[in-house]
Every structure is written in C-alpha cells, then in structure tokens.
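Take a look at the structure below.
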Amino acid sequence: AQFLSDGSSGPGMWIVPMTACCGSYDLNKKFLLKGKTDTMHIKDFAASQSGQNFWIKLNIDQNGFYRVKYDDELAAGLENAIKAKKLSLMDMIGIVEDSYALSVACKQTLTSLLRLLNAYRHESDYTVLSHVTSVCLSVNKISTDANPDLSSDIKQLLIKLLLLAAKRVGWDPKDGESHLDVMLRSLLLIALVKLGHDETIKEGIRRFHIFLEDRKTPLLPPDNRKAAYLAVMRTVSTSNRTGYDVLLKIYKETSEAQEKSRILGLVVFMPRQGYCCSGIEPYAYRRGTESRCILCSWWY
C-alpha cells in the first residue's frame, strides 16, 4: 500500500518492482511484489555470505519509490556494511532517509535510528554527510519538542556523531582541498553550533572578534562566517544585545548582497528569550517596505 509520511496507508495496492543485493552488488535479484506479503529466498545467491560479511540491501541505489524497514539483525548487517564502506553513495543516503521517515511515521523506534546514525561516524563524503546532518538536526528538534528531559542526552550523541568529521576538516582551509571539503566544513560547523557544542561556539565567537578588527583576516573566510555569526547570535538576550548590534552594524556597512542575506538569515536563530524586534523595526522601515515585510514575517 502507499506509504504516507504520517504512517498511514493510502488507498489501493501497488505492484512494486523490488531489487535486492546480498553482500555484494554482483549478487543481486529482481522480482515483483504483487501482494501485501511475499517471500524471497536468498540462499541461491547468498550462500557464500556469512558473519559480518552478510548484509542485504533492498531497493538498490534507491531506484524504486518505496521505503524499506529492516529488522534488527538485517539493520546490524547494514551498519557493518556502512562502516566498511561497501555500499554505494545512493544506498548510504537511502538507508538513513528510509530510517528517518519510518521513525517520524512511528513505524520504527528512535533508538534504531540513532544506532544507525552512529554507523556514519567515520564518514567523510559531503553528499552523505549533508543528509546525515539534516537528519541529526531534525531529530534534535523533534526530541526537544517531544521529550525535553531526554533531549540533552540525544543532543550529545548527535554532537559526538558529527564531531569526528568536523575535527578532520577544522576551521581553517587546507591546501589542495576540494570545494566539497569547503562546503562540508561550513555544513558541520553550522550544525555543531545549532546543536549547542560549546567548543565550536567559543571558537566561532573568538574568530568573529578577530574578524571585527580585521575584515580581511584569513581566520574567518566567507564560507565559515555563517557558523561564527550563528555562534554570536546564541549569546544574544534581552539583557545582552551586543552580538546582535554588532551584526546589525556589519549588515548596514556591507555592500555585498550575499553578506546581507547571510546575516538576515540568522535572525531566526536568536534564543527565544532574546527577541530584539524593537531594534529591527526602525531600521527596516528606513530600508523600505520590502525589507520590512521580510523581517516582520520572520518575527511573527
């Protein structure tokens, strides 16, 4: 039946073209799922697979439009395959996206999703980590709203998951790195700041203060500024508007549209107790109707 994001089933039954591989992409099988259930015998093409080498991946390279739920034993095999980097990029992404969708639909436990995410700790590919990071931030938001008592522990687990890759790329650009490494650095630093990682926040604030003294400092290139600005915004409150006022000053002084957009996009990340609407509105009115509409839509 059709799978809906809330966990319910759509009307009617679909014939689903299934693909599966076992232990290797060379050992694969295709068949049509015509009913609610069916049985696939894998012994004919997986007899040589055993132990940690045994894993089954359905929907090879995510070519089919369906979600796959694995039991604990099969999920453990896929986790080993992820750690051993035996899967294609599309399958690495598909597994975590399926698991997240099933968890949101209450078809799978959060524990299963977190266990799977932990298998990506040593991942370094930007494409895969962009999906993993997105899932981590979504899990953090949902857990904070649903169970505040456990959200702190879950947040620390998510930080631990992303920290290894973040330390590898660091804050400073490296000679010969690809544009994907540059994008990965920004992605991970922003995610760690959003998750409240103290060390990343403090380093971002430190580099921001250096940037204020020297706008051309190599310690805070444009690609890393969003993370530093976000770290500064996390210090803002009704009793301490310094960071906000400084960012607003940068916004007024810069002529670069990208820099203005970067700063405006961070206003929504101000802590809830730190609303500074009174400081934004007068300047928005001076800038004209378009700016006023954008800023007011964020606050309300």
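The values are calculated or read from the model by the stated rules, or taken from the named source; none is laboratory data. From a predicted model like this one, the values you see are computed outputs, not experimental measurements. Note: ideal-geometry Cβ built from the backbone for every residue, glycine included; neighbour counts use all protein chains shown.
Miscellaneous remarks
- Meets criteria (modelled with pLDDT of 80 or more, aromatic (Phe, Trp, Tyr) and farther than 24 Å from Leu116 by Cβ) for Trp14: yes
- Of the residues Leu230, Leu247, Leu220, the single one that is modelled with pLDDT of 90 or more, aliphatic (A, V, I, L, M) and outside any helix (DSSP H, G or I) is Leu220.
- Check on Arg215, out of contact with any strand residue (DSSP E or B) (no Cβ under 8 Å at 6 or more places or on another chain), closer than 30 Å to Ser152 by Cα and without any contact (Cβ under 8 Å) to a residue 12 or more places away in the chain: no
- Set side by side, the residues Ile263, Ile294 differ, and just one is at pLDDT below 50 and within 26 Å of the chain's Cα centre (by Cα), which is Ile294.
- Of the candidates Ser151, Ser143, Ser186, the single residue that is modelled with pLDDT under 95, crowded, with 16+ Cβ neighbours inside 10 Å, over 16 Å from Tyr100 (Cβ atoms) and within 17 Å of the chain's Cα centre (by Cα) is Ser151.
- Restricting Val236, Val267 to those that are touching a residue at least 40 places away in the same chain (Cβ under 8 Å), in contact with a helix residue (DSSP H, G or I) (Cβ under 8 Å, 6 or more places away or on another chain) and hydrophobic (A, V, I, L, M, F, W, C) reduces the list to Val236.
- Every pair of residues 6+ apart whose Cβ atoms lie under 7 Å, when the first sits in segment 123-141 and is touching a residue at least 60 places away in the same chain (Cβ under 8 Å) while the second is among the aliphatic types (A, V, I, L, M) and surrounded by fewer than 22 Cβ atoms within 10 Å (Cβ to Cβ): Tyr126/Leu180; Tyr126/Met183
- Sole exception among (1) in a helix (DSSP H, G or I); (2) among the hydrophobic types (A, V, I, L, M, F, W, C); (3) in contact (Cβ under 8 Å) with a residue 60 or more places away in the chain for Cys106, by number: (1)
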